[in-house]
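Below is one structure, written out as structure tokens; the observations come after it.
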Amino acid sequence: MTVLDVGCGPGFLSLDMAHRVGKSGRVIASDLQEGMLQKVKEKIKGTELEERIVLHKCGENKIGVSEPVDFVLHGSRSSQSGRSLE
């Protein structure tokens, strides 16, 4: 399974989804801000999640991911507040 996390921010949902998709899955963590992608990179450095999470800098008006994905996440402030998604 491939998941696209649009506006991933510091990676709260990307990391959670990377655990859920398992070793054969992949998460594309996409954000407009390079600083947010760097935060995700720092969190996954040296972990098994480095193999599952691909960092992608999107454009201002275009996400720019052309490959097929199975699921798209778009986090909001409320979903990043620690509330369960289940």
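Taken together, the values in this text are just the output of simple stated rules run on the coordinates, not laboratory data. In this text, all values refer to a predicted model and were calculated from it rather than measured experimentally. Cβ atoms come from the backbone with ideal geometry, glycine included; neighbour counts cover every protein chain shown.
Structure values in brief
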quantity: Interchain or long-range residues, amide H under 5 Å from LEU73's placed H; calculated: LEU4, ASP5, VAL6
quantity: Stretchable slack from LYS45 to ARG20, in nm (0.36 nm times residue separation minus alpha-carbon distance); calculated: 7.2 nm
quantity: Cα-centred dipole magnitude for region 2-74, charges only on beta-carbon of K, R (+1) and D, E (-1), debye, nearest 20; calculated: 100 debye
quantity: Listed values [x] 14.3, 50; [y] 11.9, 32; [z] 13.6, 42, entry calculated as Rg and Dmax of the Cα atoms in Å; calculated: [y]
quantity: Peptides 52-59, 31-38, 6-13 ordered by average Cβ neighbours within 10 Å, highest first; calculated: 6-13, 52-59, 31-38
quantity: Under the Karplus curve 6.51 cos²θ - 1.76 cosθ + 1.60, θ = phi - 60°, whole-Hz ³J(HN,Hα) for region 28-34, x wherever Gly or Pro sits; calculated: 9, 8, 10, 8, 6, 9, 4
quantity: Cβ-based net charge around ARG26, under 12 Å, with every Lys or Arg adding one and every Asp or Glu removing one; calculated: -2
